[in-house]
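Enquirer: Starting off with a structure, shown below.
Any read-out appearing in this document is the output of simple, stated calculations on the displayed coordinates, not a laboratory observation. It should be emphasised that the depicted structure is a prediction, and the values quoted were computed from it without experimental measurement. Neighbour counts run over all protein chains shown; Cβ positions are idealised from the backbone, glycine included.
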Amino acid sequence: MIELFFVTCLISDPQRCTEHSLLFEPRNGLQTCMLSGQHELARWVAAHPDDWVKSWVCRRAGEGDRSI
């Protein structure tokens, strides 16, 4: 699986952050995550107007540590 891993923080309290993960089918590859990741993040932010995306990365699911 390919993971879109991202960290969001509250606009009212930028030190209060949360980690999130969206999974993509492995057949779509990292390139698909990079291309559709921004769209998925925009949809997420539209649904969560009190948060902002601090950072994001596409990677193989479970790869690396949980911080970016």
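Enquirer: Quick one: angle between helix 29-47 and the longest Cα principal axis of the chain, in degrees between 0 and 90, rounded to 10, please.
Expert: Long axis of 29-47 versus the principal axis of the chain: about 30 degrees.
Enquirer: Between GLU19 and LEU35, what is the label-point separation in nm under the 7 Å Cα-to-beta-carbon projection?
Expert: With each label point 7 Å from Cα toward Cβ, the separation is 2.9 nm.
Enquirer: Please sort by residue number the chymotrypsin sites (Phe, Trp or Tyr not before Pro) in region 11-59 whose DSSP state is loop and whose Cβ has at most 13 other Cβ atoms within 10 Å.
Expert: Counting only loop positions with at most 13 other Cβ atoms within 10 Å, none of the chymotrypsin sites (Phe, Trp or Tyr not before Pro) in region 11-59 qualifies.
Enquirer: What is the extension gain from SER12 to ARG59, computed as 0.36 nm multiplied by their sequence separation minus the C-alpha to C-alpha distance, in nm to one decimal?
Expert: Separation in residues times 0.36 nm, less the Cα-Cα distance, equals 14.0 nm.
Enquirer: Would you please put 13-21, 1-9, 35-43 in order of how densely packed they are, using the mean number of other Cβ atoms within 10 angstrom per residue and starting with the highest?
Expert: 1-9, 35-43, 13-21
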